[in-house]
Amino acid sequence: MVDRSGTPLVEMQNISISFGGIKAVDDVSVDLYPGEVHGLLGHNGAGKSTLIKVLSGAYHKNGGQIRIDGKPVEINNPRDARANNIETIYQTLALADNLDATSNLFLGREMVTPMGLVNDAAMEAECRKIMGQLNPNFQKFHEPVSALSGGQRQSVAIARAVYFNARILIMDEPTAALGPHETQMVADLIQKLKAQGIGIFLIDHDVHAVMELCDRASVMKNGQLVGTVDIPDVTDDDLLSMIILGKKPASAA
Amino acid sequence: MATSPSQTLPAQAPKSLFQKLELDMRLLGMIGAFIVLCIGFDIITEGRFLTPRNVFNLSIQTVSVAIMACGMVFVIVTRHIDLSVGALLATCSAIMAMTQTQILPYTLDMGLNHPATWIITIVVGLIAGTLIGAFHGFLVGYLTIPAFIVTLGGFLIWRNVAWYLTGGQTIGPLDANFIKLGGTNGTLGESTSWALGIVLTAAALWALWSARQARARHGFSVKPMWAQAVLSGITAVAILGFVAVLNAYEIPQRRLERMFEARGEVMPEGLTGVGYGLPFSVLILIVVAIVLTVVARRTRLGRYIFATGGNPDAAELSGINTRLLTVKVFALMGFLCALSAVVASARLSNHSNDIGTLDELRVIAAAVIGGTALSGGIGTIYGAILGALIMQALQSGMAMVGVDAPFQNIVVGLVLVLAVFIDILYRKKLGA
Ligand SMILES: Nc1ncnc2c1ncn2[C@@H]1O[C@H](COP(=O)(O)OP(=O)(O)OP(=O)(O)O)[C@@H](O)[C@H]1O
Ligand SMILES: [Mg+2]
């Protein structure tokens, strides 16, 4: 059981963002505690990715506040998010297709030699280490990632998010392209990171996986928060009906 | 865990000889085309094309476009374009011409051919070019005006700023030291050229060898030893051969006498057969090529340039300041335009109102023939230089053969389209 008596790691309060008049996220508040996995569920277009992109610095919020460790922070771009130890696996993966896995893993944070030149050998060694843990069959270290399969690309994106000692991890459908074996490895990874006290926002369409991995879940519909529930208090069907009907079930109310 | 059902390694296709030798087929193709072109023209002109004199001229004619083509690689890799390079070259050239013939000698009363004139002039020109380039980059990166529009506007503006600055006059003769950077008027001489050739050869062989060592250290396949030796041999012969040819181009006796006179010395009796050696302008191009290749491959800036070209959103999400990066790329382009302006005006030993006309098209063509993809993310510095060389060889070769001017341009246009078509076929075959 996650201890939720202290200060939350992340508080997103009354977040709103609209695109040309359409409210993609409308006054949503969610929070996250250390060592907690917080699931985000909802229809396609419900606003899940948009909400977490406010936290990762990809989008500017129109209203609301973000607190980390109880202190208000301004996250205006992805660099600010990284500075707050927030790492993100984007739904679109956000990889530079023409570069290899190592260059993508370290993009924006290259290791350099004393002369200030990028140290490709050292970075590749690190890349091989982390990929060995995530996807031992991964061998294509010298091809541009455009030559990788969807799952291999996803492994690279996951490796990039976990390599840099995140405190807050955002995973937007991290297993969408993965086979059953690799999906299980990501589930194991989530358990391991959780045990280290990392807080994780996990977006996933698989209600069953959310029930298994998450401590709490928030459901969104049409940009609004339907509700947040403790996973031990609800069933698969409760979550499904929240997603479909957009109402909190009586049992968890 | 060693084997998983969802991920089996595809059977390795047997490697072809070329794959085993780890050769860059694209580079080989371009070098091959260049050699065929040169030998072809040499046969048609009955040996007049590959004379030391013509090779020397070809080199100094290529430098100005080649320098700008290096910068254009970065611009195109980041998915932009610069249509203003020829006009920007003209503005930089005009600024430098006025600085060295009017402002420094008369306004600041330093007199003609003051020893500091050339360096002050160049610094002024480089600063102007860099600032104008950075301003283009600001409009593109921060105000998000498409580069096509910004530089199309720049094309009109800078061409006519140059005109305004000089009143449309040809400005010259330029400073005596300044024109040494143009080619014939300033060369390293035979022995220094040999020394430099040997240093460059040693550096190239060391680079080839250490690349091999690095691969071996990580347990990757390396070329067989004999292939490494052959490649090293070809590289050494190419560099030293180039130096030998430039040294073989002899300074005319009259000119030699005047050079001694200018230095206040008497020419030794019976001194003949003094070669030109490597022109300073070619040396500038070599330095630009080496520095930018290191930037592209071994610096964060280069990594970010290529990442941004491959996927601008991913680069932004990775914390790269892509707007500032755009400013840097265009500032570099502006700097290189100014450097080209030095070489181009020094070669002509005056500034003319039409300097750099149509250079934007030559520069873009050189980068594209050299394998830079307009869709971004792909391109090499050496490719752009080879592209510039191929175009210049075509142009001078046809002029020497006596092809009419309109046909010369028609052929160059066809070659550009054909080169890109071959590149598309090649990439499809590679599946990249
Ligand atoms: N950059 C954008 N410009 C305009 N509209 C956008 C943009 N990004 C998202 N939207 C809109 O905002 C709404 C929420 O999108 P979002 O991507 O957050 O959905 P989601 O919950 O992640 O869906 P999915 O499960 O399909 O990933 C959608 O209606 C979408 O069309
Ligand atoms: Mg989404």
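Output the relative contact order of the range A:1-146, whole-number percent, from Cα pairs under 8 angstrom with separation of 6+ residues.
19 percent
Proximity of backbone amide H atoms, modeled 1.01 Å from N, is registered between A:Thr7 and no other residue at under 5 Å, excluding neighbours fewer than 5 places apart on the same chain. Mean sequence separation of contacting Cα pairs (under 8 Å, at least six apart), scaled by the length of chain B, corresponds to a relative contact order of 32 percent.
Summarised in one figure, the compactness ratio Rg/Rh of the range B:187-278, Cα atoms and Kirkwood Rh, is 1.25.
The smallest convex shape that holds all Cα atoms of the range B:240-375, its convex hull, gives 171 Å³ per residue.
Could you list the trypsin sites (Lys or Arg not before Pro) in the range B:233-314 that lie in coil according to DSSP, counting only those with at most 11 other Cβ atoms within 10 Å of their Cβ? Listed in order of number, the matching sites are B:Arg263. Note on the protein assembly as shown: Cα-only Rg and Dmax are 30.7, 112 Å.
Give the angle, between 0 and 90 degrees and rounded to the nearest 10, that separates the Cα long axis of helix A:180-195 from the longest principal axis of the Cα atoms of chain A. For helix A:180-195, the angle is close to 80 degrees. A simple rule links phi to the HN-Hα coupling: the Karplus curve 6.51 cos²θ - 1.76 cosθ + 1.60 with θ = phi - 60°, which for the range A:101-109 gives 4, 4, 4, 5, 4, 9, 4, x, 9 Hz, with x for Gly and Pro.
Note on exposure: B:Met267, B:Met259 ranked by accessible area (1.4 Å probe, complete protein assembly) read B:Met259, B:Met267, with the most exposed listed first. As an exercise, identify the GluC sites (Glu not before Pro) in the range A:1-77 lying in DSSP coil whose Cβ has no more than 16 other Cβ atoms within 10 Å. Loop-located and lightly packed - A:Glu74. For chain A, the mean residue ellipticity at 222 nm estimated from helices alone is -9500 deg cm²/dmol, where every DSSP H run of n ≥ 4 contributes -39500 (n - 2.57) and the total is divided by all residues, rounded to the nearest 500. Against the main long axis of the alpha-carbon atoms of chain A, helix A:236-245 sits at an angle near 80°.
Taking the range B:206-293, which chymotrypsin sites (Phe, Trp or Tyr not before Pro) meet the DSSP loop condition and have no more than 15 other C-beta atoms within 10 Å? Hits after loop and neighbour filter: B:Phe220.
State which stretch of chain B is the longest one without any exposed GluC sites (Glu not before Pro), exposure meaning a DSSP loop state and at most 10 other Cβ atoms within 10 Å.
The segment B:47-264 is the longest one with no such site.
Give the longest segment of chain A that steers clear of chymotrypsin sites (Phe, Trp or Tyr not before Pro) in DSSP loops with at most 15 neighbouring Cβ atoms within 10 Å, not counting the sites themselves. Answer - A:1-140.
In the range A:96-165 the Cα-Cα distances spread across 5 Å bins starting at 0 as 3, 18, 31, 26, 14, 5, 2, 0 percent of all pairs. Here the contact order of chain A, divided by its residue count and restricted to Cα pairs under 8 Å and six or more residues apart, works out to 27 percent.
Between B:Leu240 and A:Gln184, the modelled labels are 6.3 nm apart [label points 7 Å from Cα along Cα→Cβ]. The range A:126-196 has equivalent-ellipsoid semi-axes of 19, 14, 11 Å, by the square roots of 5 times the alpha carbon gyration tensor eigenvalues, sorted largest first.
Share of Cα-Cα pairs in the range B:26-74 beyond 14 Å, in percent? Walk me through the numbers on the way to the answer.
On the way: 766 of 1176 pairs.
The share of Cα pairs beyond 14 Å in the range B:26-74 comes to 65 percent.
Between rounded, prolate and oblate, where does chain A land on the alpha carbon gyration tensor, with a ≥ b ≥ c its root eigenvalues, rounded for a/c under 1.5, else prolate if a/b exceeds b/c? Prolate shape, in that a/c is at least 1.5 and a/b is the bigger ratio. Among A:Lys192, B:Lys428, the order of accessible area from largest down is B:Lys428, A:Lys192, computed with a 1.4 Å probe on protein heavy atoms. Estimated from helical segments only, the mean residue ellipticity of chain B at 222 nm is -23000 deg cm²/dmol, where each DSSP H run of four or more residues counts as -39500 (n - 2.57). Whole-Hz Karplus values for the range B:314-328 come out as 4, 4, 4, 5, 7, x, 7, 7, 5, 5, 5, 4, 4, 4, 4 Hz, taken residue by residue from phi with 6.51 cos²θ - 1.76 cosθ + 1.60 and θ = phi - 60°; glycine and proline positions read x. Peptide A:91-102 shows a mean partner chain C-beta count of 5 within 10 Å per residue C-beta.
Suppose R0 equals 45 Å. What FRET efficiency, 1/(1 + (r/R0)^6) with r the Cβ-Cβ distance, do A:Ala83 and B:Ala195 give to the nearest 0.05?
For A:Ala83 and B:Ala195, the calculated efficiency is 0.35.
Cα extents for the range B:103-192 along the principal axes, largest to smallest and rounded to whole angstrom: 49, 37, 21.
Axis of helix B:405-430 versus longest Cα principal axis of chain B: the two differ by about 20°, to the nearest ten degrees.
Projected onto their three principal axes, the Cα atoms of chain B cover extents of 82, 57, 44 Å, largest first. Kirkwood radius, the range B:298-432, all distinct C-alpha pairs, inverse of mean reciprocal distance: 17.2 Å.
Evaluated on the range B:320-394, the Kirkwood hydrodynamic radius is 13.9 Å, with distances taken between all distinct Cα atoms. Note on the range B:169-322: the C-alpha convex hull projects to 15.7 nm² when averaged across all orientations. Could you tell me how far the Cα centroid of the range B:139-188 sits from the Cα centroid of the range B:106-132, in Å? Their Cα centres are 15 Å away from one another. Backbone geometry of the range B:263-268 corresponds, through the Karplus equation with coefficients 6.51, -1.76 and 1.60 at θ = phi - 60°, to 3J(HN,Hα) couplings of 8, x, 10, 9, 6, x Hz, x marking Gly and Pro. Overall size of the range B:235-306 from C-alpha positions, given as principal axis extents largest first: 58, 29, 13 Å. Enter the Cα centre distance for the pair the range B:216-239 and the range B:297-313, rounded to the nearest angstrom. Spelled out, the Cα-based centre of one part sits 28 Å from the other.
The values are calculated or read from the model by the stated rules, or taken from the named source; none is laboratory data. The model shown is predicted, which means the values in this text are computed figures rather than measured ones. Because the Cβ atoms are built from the backbone with ideal geometry, glycine has one as well, and the counts that use them run over all protein chains shown. Note: accessible area is taken over every heavy atom of the protein model, side chains too, but ligands, DNA and RNA are not part of it. Shrake-Rupley method; radii C 1.70, N 1.55, O 1.52, S 1.80 Å.
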